[in-house]
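K.L.:
The structure under discussion is supplied below as structure tokens; questions concerning it will follow.
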Amino acid sequence: MSGNTIGRLFQVTTFGESHGPAIGCVVDGCPPGLELTEADFARDIDRRRTGTSKFVSQRKEADVVRILSGVFEGRTTGAAIGLLVENTDARSRDYDKIKDRFRPGHADYTYQQKYGFRDYRGGGRSSARETVVRVAAGVIARKWLEQRAGIRIHGYLSRIGEIDLAPVAPETAYDNPFFCPDPSRVKELEELIWKLREEGDSIGARVTVIAQGVPPGLGEPVFDRLDADLAYAMMGINAVKAVEIGAGVRVAGQRGSEHRDELTPAGFLSNNSGGVLGGISSGQDIVVHATLKPTSSIQVPGRSIDLHGQSVELITTGRHDPCVGIRATPIAEAMMAIVLLDHLLRHRGQNADVRSPTPVIAAQAPKP
């Protein structure tokens, strides 16, 4: 199976299945000398972890990250970093009923057609369980970005179902199980999830991720555009069906005089571009939105076929999220960090000695 690696200079290759012994990854290209211990992974891994609240899947994995290589005396050596997370709460019996059936909306049917057979236990390789090691790799990337480049990444849930969530207090998004950036809306979200659980249904969501302090110049103007690589990374997250940069789909209703981000000596007057112009970072905040579909693992009966093409009715049992978008924020943050570090290292390799006569202006001009 190909397609398990992302990145050019900062490369992440993942392996493992949802109900196998473990999930792991190899991180290659991390610069040497970065302080790194297993304790560094706990915060972001816990944010993504199942079983942490009543509103997500109740699969209870410890998700302890083991460092197997690439770190000596608490610092990265420049060698490949091997990370491993054991699966300790896999209940494969939950999937015995669907081993010869295809869950509608899942990768079951396409996986079967591509490979001729499949690991039906929780989706196998196509399970979102794999994202735990993406988050682990993202921890390494974002630590380097923060310490060496002053780049900080944060995210939040910006929509769930018909509920739009404004970033009233984005710093509070990590204080509730929904990554909600508006504390006054948390109770509303709780009621929505309880209603979905009672109905045995699910709902979609959108997460927004922002990187601050990104210097101008990252990315290329043709195929290796920064925005294209960010979209590629976000679309590689399970259940993501749409990615927007900056104003995103709203640009269809904007005029050029409104959309363009005017420049002044004091800074940019707006950020409809989401921090990327012509595939290259502008120095403004990088703003990415990723929209996730409602999970198809629901208890509402649905029509499907079995292994032999016969019609069947299917209900998915087991432990599932009523909204996979609730836990997607740390995953999207990790993917952004991986892409940004990869591009920063690429830029350093070719353009480290470039000096432009044009001053770097502020990401946002002060409000009058």
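The values are calculated or read from the model by the stated rules, or taken from the named source; none is laboratory data. As the structure is a computational prediction, the values presented were derived from the model and not from experiment. Because the Cβ atoms are built from the backbone with ideal geometry, glycine has one as well, and the counts that use them run over all protein chains shown.
K.L.:
Taking the conditions exactly as written (free of Cβ contacts under 8 Å to residues at least 24 places away in the same chain, under 22 Å from the mean Cα position of the chain (by Cα) and surrounded by 14 or more Cβ atoms within 10 Å (Cβ to Cβ)), does Thr208 satisfy them or not? Let's see the steps before the verdict.
P.N.:
On the way: free of Cβ contacts under 8 Å to residues at least 24 places away in the same chain: no; under 22 Å from the mean Cα position of the chain (by Cα): yes; surrounded by 14 or more Cβ atoms within 10 Å (Cβ to Cβ): yes.
No.
K.L.:
Please state which one of Arg43, Arg59, Arg8 is at pLDDT 90 or above, surrounded by 13 or more Cβ atoms within 10 Å (Cβ to Cβ) and either in contact with an Asp or Glu (Cβ under 9 Å, 6 or more places away or on another chain) or not in a strand (DSSP E or B) (or both).
P.N.:
Matching residue, one of Arg43, Arg59, Arg8: Arg8.
K.L.:
If you check Tyr115, Tyr120, Tyr156, which single one turns out to be in contact with a Lys or Arg (Cβ under 7 Å, 6 or more places away or on another chain), closer than 26 Å to Ser296 by Cβ and hydroxyl-bearing (Ser, Thr, Tyr)?
P.N.:
Tyr120
K.L.:
Checking Asp229 against (1) among the charged types (D, E, K, R); (2) crowded, with 16+ Cβ neighbours inside 10 Å; (3) over 25 Å from Arg327 (Cβ atoms), which test does it fail?
P.N.:
That leaves (3) as the condition not met.
K.L.:
Are there any pairs with C-beta distances below 9 angstrom linking a residue in the range 296-316 that is without any contact (Cβ under 8 Å) to a residue 24 or more places away in the chain to a residue that is surrounded by fewer than 14 Cβ atoms within 10 Å (Cβ to Cβ) and not in a loop (DSSP other than H, G, I, E, B), with the two at least 6 apart or on different chains, and if so which?
P.N.:
Going by the 9 Å Cβ cut-off, the qualifying pairs are Pro301/Glu313; Ser311/Arg303; Glu313/Arg303.
So that you can scan it fast, the table gives a plain yes or no per residue for (1) crowded, with 17+ Cβ neighbours inside 10 Å; (2) under 22 Å from Gly161 (Cα atoms); (3) modelled with pLDDT under 95:
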{"residue": "Val287", "(1), (2), (3)": "yes, yes, no"}
{"residue": "Ala290", "(1), (2), (3)": "yes, yes, no"}
{"residue": "Asp306", "(1), (2), (3)": "no, no, yes"}
{"residue": "Cys323", "(1), (2), (3)": "yes, yes, yes"}
{"residue": "Thr329", "(1), (2), (3)": "yes, yes, no"}
{"residue": "Ala334", "(1), (2), (3)": "yes, no, no"}
{"residue": "Ala352", "(1), (2), (3)": "no, no, yes"}
{"residue": "Pro366", "(1), (2), (3)": "no, no, yes"}
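K.L.:
Could I ask something else about it? Residues that are in contact (Cβ under 8 Å) with a residue 40 or more places away in the chain, surrounded by 21 or more Cβ atoms within 10 Å (Cβ to Cβ) and assigned to a loop (DSSP other than H, G, I, E, B): does the range 249-272 have at least one?
P.N.:
No.
Each row is one residue, and each column tells you yes or no for (1) touching a residue at least 40 places away in the same chain (Cβ under 8 Å); (2) of a type in the set (Asp, Glu); (3) out of contact with any Asp or Glu (no Cβ under 8 Å at 6 or more places or on another chain); (4) under 19 Å from Trp144 (Cβ atoms).
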site	(1), (2), (3), (4)
Ile326	yes, no, yes, no
Ile331	yes, no, yes, yes
Leu341	yes, no, yes, yes
Ser356	no, no, yes, no
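K.L.:
Evaluate the range 177-193: report whether one residue or more is of a type in the set (Ser, Thr, Tyr), surrounded by 15 or more Cβ atoms within 10 Å (Cβ to Cβ) and either part of a helix (DSSP H, G or I) or at pLDDT 95 or above (or both). I'd like the intermediate steps shown before the answer.
P.N.:
Within the range 177-193, the first condition is being of a type in the set (Ser, Thr, Tyr), and the residues that meet it are 184.
With surrounded by 15 or more Cβ atoms within 10 Å (Cβ to Cβ) added as a condition, the list becomes none.
Looking through the range 177-193, none of the residues is of a type in the set (Ser, Thr, Tyr), surrounded by 15 or more Cβ atoms within 10 Å (Cβ to Cβ) and either part of a helix (DSSP H, G or I) or at pLDDT 95 or above (or both).
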